[in-house]
1. Looking at the range B:258-269, I want the residues that are at the interface with chain A (Cβ under 9 Å from one of its Cβ atoms) and have a partner that is outside any helix (DSSP H, G or I) with Cβ atoms under 7 Å, at least 6 apart or on another chain. Which pairs are those?
2. Within the range A:184-199, restricting attention to residues that are over 16 Å from residue B:29 (Cβ atoms) and surrounded by fewer than 21 Cβ atoms within 10 Å (Cβ to Cβ), which residue is modelled with the highest pLDDT?
3. Against the condition within 26 Å of residue A:35 (Cα to Cα), at pLDDT 70 or above, surrounded by 13 or more Cβ atoms within 10 Å (Cβ to Cβ) and touching a strand residue (DSSP E or B) at 6+ places or on another chain (Cβ under 8 Å), how does residue A:122 come out, does it pass?
4. Restricting to the range B:113-132, name every residue that is crowded, with 19+ Cβ neighbours inside 10 Å and either without any contact (Cβ under 8 Å) to a residue 12 or more places away in the chain or touching a helix residue (DSSP H, G or I) at 6+ places or on another chain (Cβ under 9 Å) (or both).
5. Can you tell me which residue in the range A:25-45 is modelled with the highest pLDDT, limited to those that are more than 7 Å from chain B (Cβ to nearest Cβ) and more than 14 Å from residue A:143 (Cα to Cα)?
6. At the interface with chain A (Cβ under 7 Å from one of its Cβ atoms), over 28 Å from the mean Cα position of the chain (by Cα) and modelled with pLDDT of 75 or more: is that true of residue B:208 in this structure?
7. Considering only residues that are more than 9 Å from every other protein chain (Cβ to nearest Cβ) and either surrounded by 15 or more Cβ atoms within 10 Å (Cβ to Cβ) or part of a helix (DSSP H, G or I) (or both), which ones fall in the range A:256-267?
8. Restricting attention to the range A:76-110, and to residues there that are touching a residue at least 60 places away in the same chain (Cβ under 8 Å) and not in a strand (DSSP E or B), which single residue is farthest from the chain's Cα centre (by Cα)?
């Protein structure tokens, strides 16, 4: 017996043209989501919010740069999202950051249920005629989940979606397709993360900002522990207590080949040149400071 | 008539700030905003937090608009104070609605540490904040200084001496002397402490790789370690022994400030020479008048008044020393590089010892 159209299951694979190949997440976004999570109301299992960022021209790469919380109410029967708040907040954000657009939404629960599909479709749907776009349409909508449940590890996942299911139930059904992501990693981010990670092993969760010398000391200690670790491994291989591995050997050879080979005289020349540069800068700074101090005192003489 | 009586309850003055406590979210937000705006310096945002017994707990921040909307003539110009204030108020209302902390405790600025004080913008803005709330602070984040693995973020407040002098707005030598204001006490730096929530601590642990003990170092683990690019994996960027990245821009700006300082000194010197010339003329005129009065006295005539010179001669107005003060203060700030240079010398010594061994 032929199936009626009402019973046909529609499956749409996300087209490779529209689905992003890579998602880059700014660490500030993750910290912001965790901060929002601490203000979760008792009747909600999770908190949700809007993700903002930029897209490459072909839409294949999405950078999630910032986010804001969106109030919502969830019960076993229904979910209410305050889209008016989302609209107001997005317009305020655009004033300060005109280049950032809505790229998706986040939730602090790893579960993907019918409500997740509803919210996903809400963010991915086109704007009403004559109104400014508030969602991601026609681009794919990214769903970021951060598991903040204390009983399990903190897991971060990103998804894009594809409609699935019976035609009249498309609003609350979609297939979430996991998408690879990376966390933004550059010198500025690293310096910030290093600073905020300082108290991570301290029970008080408090730490002062490091000075250059303290940071240098920490890095030196870490380098020494790494050398010790590798040295122990190599010794174990030599003793025969650990199996030799060609790949590891190659990595070590690659590291050693990076050590510059400089003649003694050349090294002394480079060293003294660097040293003189530093001393000149210090001398210049101290001379200027003294001169300015004297001049300022003279200016104030009656 | 209403049966409730309105009472003017005086607000309890909170003690002055001794320490600033930053949440990790705030640090990462400021870095993100300033990095995205780089190389355009002068990125501005607002700080949100709470002041408890001399400790300012700054928990979050939000960006402020930097250009006026829909005004071609105003592109790349700073937004007017009123528009920024309206944006701030709207943002604080929204944050309050979702139950976030909404105490407006100051502002942050992305700028070079060697130039942020040179123009009056920083002190004028901070003065307005501190006038409204004496415990308001200003954060300075220098992206160029943070590029070698050490975060450069500072918290500043204007000193009571500067606030008092600004109240007068004369900025003359006598005014600065009376308030005991020198380039070294225009601003005061507050110690910064980082604080993390439990969840932020969990995230930081997940962003750093757990070191594998040597005994369990398998080939797979070693290769994974080599290839992992977690943001908290040590890259040893602070072992960099090249001066260029860190000092070049600073020295350029320092020399610019020095030029500006010499220009101000030139103006001051010109004023002093002009004043000396006028005073010499006045002395000459008074001597002449005294001689004239002596002649008149001999002829039994009334002596002419000696203070007529005030109508004839006009002394040049005393110059405002604000710019000179700020530039001097900036130079004092920029030349405090002892800590940086000691770290640099330590690195050089380390390289030498490693090479020798």
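1. Correct list of pairs: B:268/B:319.
2. Among those that are over 16 Å from residue B:29 (Cβ atoms) and surrounded by fewer than 21 Cβ atoms within 10 Å (Cβ to Cβ), it is A:185.
3. Working: within 26 Å of residue A:35 (Cα to Cα): yes; at pLDDT 70 or above: yes; surrounded by 13 or more Cβ atoms within 10 Å (Cβ to Cβ): yes; touching a strand residue (DSSP E or B) at 6+ places or on another chain (Cβ under 8 Å): yes.
Yes.
4. If we filter the range B:113-132 for residues that are crowded, with 19+ Cβ neighbours inside 10 Å, which is where we start, we get B:113-118, B:122-123, B:126, B:129-130.
Matches in the range B:113-132: B:113, B:114, B:115, B:116, B:117, B:118, B:122, B:123, B:130.
5. Of the residues in the range A:25-45, the ones more than 7 Å from chain B (Cβ to nearest Cβ) are A:25, A:29, A:33, A:36, A:40-45.
Retained after the next criterion (residues that are more than 14 Å from residue A:143 (Cα to Cα)): A:36, A:40-45.
Numbers: A:36: 80, A:40: 69, A:41: 70, A:42: 62, A:43: 65, A:44: 69, A:45: 68.
Per the criteria, the residue is A:36.
6. On the way: at the interface with chain A (Cβ under 7 Å from one of its Cβ atoms): yes; over 28 Å from the mean Cα position of the chain (by Cα): yes; modelled with pLDDT of 75 or more: no.
Against the criterion (at the interface with chain A (Cβ under 7 Å from one of its Cβ atoms), over 28 Å from the mean Cα position of the chain (by Cα) and modelled with pLDDT of 75 or more), residue B:208 does not qualify.
7. In the first step, residues of the range A:256-267 are kept if they are more than 9 Å from every other protein chain (Cβ to nearest Cβ); the result is A:256-261, A:263, A:265-266.
A:256, A:257, A:265, A:266, listed by residue number.
8. Step one: list which residues in the range A:76-110 are touching a residue at least 60 places away in the same chain (Cβ under 8 Å), which gives A:106-109.
Now drop any that are not not in a strand (DSSP E or B), which leaves A:108-109.
Values: A:108: 15, A:109: 18 Å.
So the residue we want is A:109.
The values are calculated or read from the model by the stated rules, or taken from the named source; none is laboratory data. Only a predicted model underlies this, so the values are computations on that prediction, with no experimental measurement involved. Note: ideal-geometry Cβ built from the backbone for every residue, glycine included; neighbour counts use all protein chains shown.
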